[in-house]
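A quick write-up on the structure given underneath.
The values are calculated or read from the model by the stated rules, or taken from the named source; none is laboratory data. If you're wondering where the values come from, they're calculated on a predicted model, not measured in any experiment. All Cβ positions, even for glycine, are placed from backbone atoms using ideal geometry, and neighbour counts span all protein chains on display. Surface areas here come from the heavy atoms of the whole protein model, side chains and all, with no ligands, DNA or RNA. Shrake-Rupley method; radii C 1.70, N 1.55, O 1.52, S 1.80 Å.
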Amino acid sequence: MPSVKLLLLGRDWPGDLLTKLREQGLHAPTIYVSTSLADEAVDIAKTLGCVDVVAYPLEMEYLRRWIPPATKGEPNTSLPESHSPLEAILARRRAPDGRPRDLDPLHDTAQDDPDAPLRGRVIVVHSARGGVGKSTVTALMARILAKQGVSVGVIDLDPKGNLQAIHHRQAALTTDDFTRLPAQMDDATLRESLVSIDSWHLLPSGRMRDGLDPGTLRRLVQPFARAFDVVLIDTSPSSAITYAALDLADRVVFVMTPEWMAFKRFVEEYELVRHLKSPERVVVTVNRIRKHVTEHHRALRLLDEAGVRSVVVHMPEDRRLYRALMSAGPLAGSRPVQDATLHVIEALRLVPERLPVRRSRRWRKVVANR
């Protein structure tokens, strides 16, 4: 048994046989090999007590990371030392004897529970098309929530990677690399792999368009939901994984702009989101409203006549945001923009007790009159 360094389990592996091997002195980590990373495979891995799930084709470099390094006197057959961010995080996950930290194979099981309590914490920022300011709204919400003492984790599913670009930060990992990390990670390891921005943490988007399937997305969201109070997901309007994210979300921030040509498409997409989530769980944010522009006033009037039953928040256009984007400064925005962002957070009913009482009453009055 001590000579076994890594155990790969197949689909027809008996569940009680692994327990017997553990009793006989087998302490090697176990990985479940499946044809896909669907939720069914995660359930089987959890039952067997595996540390992770992999699918064909097997990545030998990743499997070797679970094998402890050769001791003195033995030939070193492991891969040469790598200084990549992924390798550094995996190295910190290993104990001196090569076994994963904080893992007792005799008692612990996989923590990747597909039924983890996600509701009430996952917020999806969605729109009918790109270029409406979803990333900016996501960054403003994350900054204000972090200032209120809420731990915020942001997942960027947009292949353009706007959240990383507007903050001019270098990312250690992306969504492509994050899915290769072990399923069992503590909060410290998770935060080390993310980009820290104004007291909130970001996982940038990878290069693969539609590269995440629903099962992989759920495995990605679950550690975020366990580590952070609020999880914000910036989606791509043309990606199929967006609707899988909407299914996981408890609240949706639907971003639109007051443009006459795109107004019909926005309303149609809102109706689709409203059928996926109840109107009380959707907040419509009209971004970049200009004063004294007839087209914008007409679009806002038609939006009121369309019978939108969700809370509608008006966010004005702000030159201060454009200057911050160009200078890589913090996306604070002017006072009207900050007030509108606070109204969005209040409408989401995340932390209403943290908002100023006077402002909350004034906002409720405006909504009632509307």
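What distance in nm separates the simple spin-label points at residue 20 and residue 293, each placed 7 Å from Cα in the Cβ direction?
Between residue 20 and residue 293, the simple spin-label model gives 7.2 nm.
Quick one: Karplus J couplings for segment 38-45, per residue in order, coefficients 6.51, -1.76, 1.60, θ = phi - 60°, nearest Hz, x for Gly and Pro?
6, 4, 4, 5, 5, 4, 5, 5
Can you list which of the trypsin sites (Lys or Arg not before Pro) found in segment 231-323 are DSSP loop residues with at most 13 other C-beta atoms within 10 Å? Let's see the in-between values first.
Numbers: sites: 251, 264, 265, 274, 277, 281, 288, 290, 291, 298, 301, 309, 319, 320, 323; in loops: 277, 290, 291, 309.
Here the trypsin sites (Lys or Arg not before Pro) that fit, given the DSSP loop and packing criteria, are 290, 291, 309.
Can you work out ³J(HN,Hα) from phi for every residue in segment 330-335, in order, using Karplus 6.51 cos²θ - 1.76 cosθ + 1.60 and θ = phi - 60°, giving whole Hz and x for Gly and Pro?
x, 7, 8, x, 6, 4
Residue 122's amide H: which non-local residues (gap 5+, or another chain) put their own amide H closer than 5 Å, with H modeled 1.01 Å from N in plane and none for Pro or chain starts?
231, 250, 251
Taking all protein chains together and a probe of 1.4 Å, list 200, 13 from the most accessible to the least accessible.
13, 200
For segment 315-322, take each phi angle, set θ = phi - 60°, evaluate the Karplus expression 6.51 cos²θ - 1.76 cosθ + 1.60, and give the result in whole Hz per residue in order, putting x for glycine and proline.
10, x, 6, 9, 5, 5, 5, 5
Collect residues whose amide H, placed 1.01 Å from N in the peptide plane, falls under 5 Å from the amide H of residue 197; neighbours closer than 5 in sequence don't count.
Under 5 Å from the amide H of residue 197 lie the amide H atoms of 202, each far enough along the sequence or on another chain.
With the Cα gyration tensor of segment 225-340 giving a ≥ b ≥ c as the square roots of its eigenvalues, does the rule (a/c under 1.5 for rounded; else a/b larger than b/c for prolate; else oblate) give rounded, prolate or oblate? Don't jump to the answer; show the numbers that get you there.
Working: a/c = 1.85, a/b = 1.09, b/c = 1.70.
In terms of gyration-tensor shape, oblate.
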